[in-house]
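Below: one structure, written as structure tokens.
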């Protein structure tokens, strides 16, 4: 009798598990590409076109590439597929991706209606490097909330970075017992079109790039090491163009896409995000006025940048 009861319990358990994972959620709709339309009769309007051959990925909560899975690739602008309960227990978001344009949707937010997915051009937020300079040797926990998709981190980010930092900037990562000069991440994000409505900037000729960066970054508050690291990374890209339009975002959380939660909290934060594009026009914007930040106490410095992938009119 006891054995029969055990078998019944096992059968019920198997049946419950089967039913649990057999529950599916239907996802269907149409994918559109959005782009600015510069035609004479629709100046700065939005051009919306249905598109096919879109890759659809399953993403985890942290939106990192380390935990994603290709679900399907569409041939037509329309899509129709099912998500199993097992998939929904592991993945929280869907990403629709085509030719550098994407849209990320939270699975829980999807109702039973047909979806309209509007793809937006993404930019790669390159080489954000985070430096930490405490007043004394202490443990620091860095939590990063990025609204886009993380591509790479070094050292590996796992819920946070936990480091023993020295006043010199030397970092000991407690999770892999290795030393680092800074914390690195990069990612993809779709800025709203209003982001590119610049009202100021700089126009820098190739031969003046090094002097320009040294002068402006030092004025903002970066030290010699940070400036050298910045220039070594960005100079090859900037030097591809004869003249660059350059705009700096300073302490604006990369236009509210990237938030750092530091414990203990720094007294001084200097976060520099450079955007650039080859300059081919004749009109120019006024020169950007930059802040001069004095480094006091525990200081955090972060720099990064991106190439502007929108048509802008100076």
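The values are calculated or read from the model by the stated rules, or taken from the named source; none is laboratory data. These numbers come from a predicted model, not from an experiment. Neighbour counts run over all protein chains shown; Cβ positions are idealised from the backbone, glycine included.
The set of residues in the range 138-156 being over 25 Å from residue 56 (Cβ atoms), touching a residue at least 24 places away in the same chain (Cβ under 8 Å) and in a loop (DSSP other than H, G, I, E, B) consists of 155 alone. Of all the listed residues (237, 294, 226), the sole one being assigned to a helix (DSSP H, G or I) and out of contact with any strand residue (DSSP E or B) (no Cβ under 6 Å at 6 or more places or on another chain) is 237.
So which of 167, 128 is part of a loop (DSSP other than H, G, I, E, B) and touching a residue at least 12 places away in the same chain (Cβ under 8 Å)? Only one candidate passes the filter, namely 167.
Can you name every residue in the range 88-121 that is more than 24 Å from the chain's Cα centre (by Cα) and crowded, with 16+ Cβ neighbours inside 10 Å? Listed by number, the list holds a single entry, 115.
Among the residues of the range 285-311, those that are surrounded by 10 or more Cβ atoms within 10 Å (Cβ to Cβ) and closer than 20 Å to residue 132 by Cα comprise 293, 295, 296, 297, 298, 299, 300, 301, 302, 303, 304, 305.
Total residues in the range 254-278 satisfying the condition of being outside any strand (DSSP E or B) and either at pLDDT below 95 or crowded, with 21+ Cβ neighbours inside 10 Å (or both): the figure is 4. Here's a check for you: in the range 182-216, which residue that is in a strand (DSSP E or B) and more than 16 Å from the chain's Cα centre (by Cα) is surrounded by the fewest Cβ atoms within 10 Å (Cβ to Cβ)? Looking at residues that are in a strand (DSSP E or B) and more than 16 Å from the chain's Cα centre (by Cα), I get 205. Of the candidates 135, 89, the single residue that is free of Cβ contacts under 8 Å to residues at least 60 places away in the same chain and either in a loop (DSSP other than H, G, I, E, B) or out of contact with any strand residue (DSSP E or B) (no Cβ under 9 Å at 6 or more places or on another chain) (or both) is 89.
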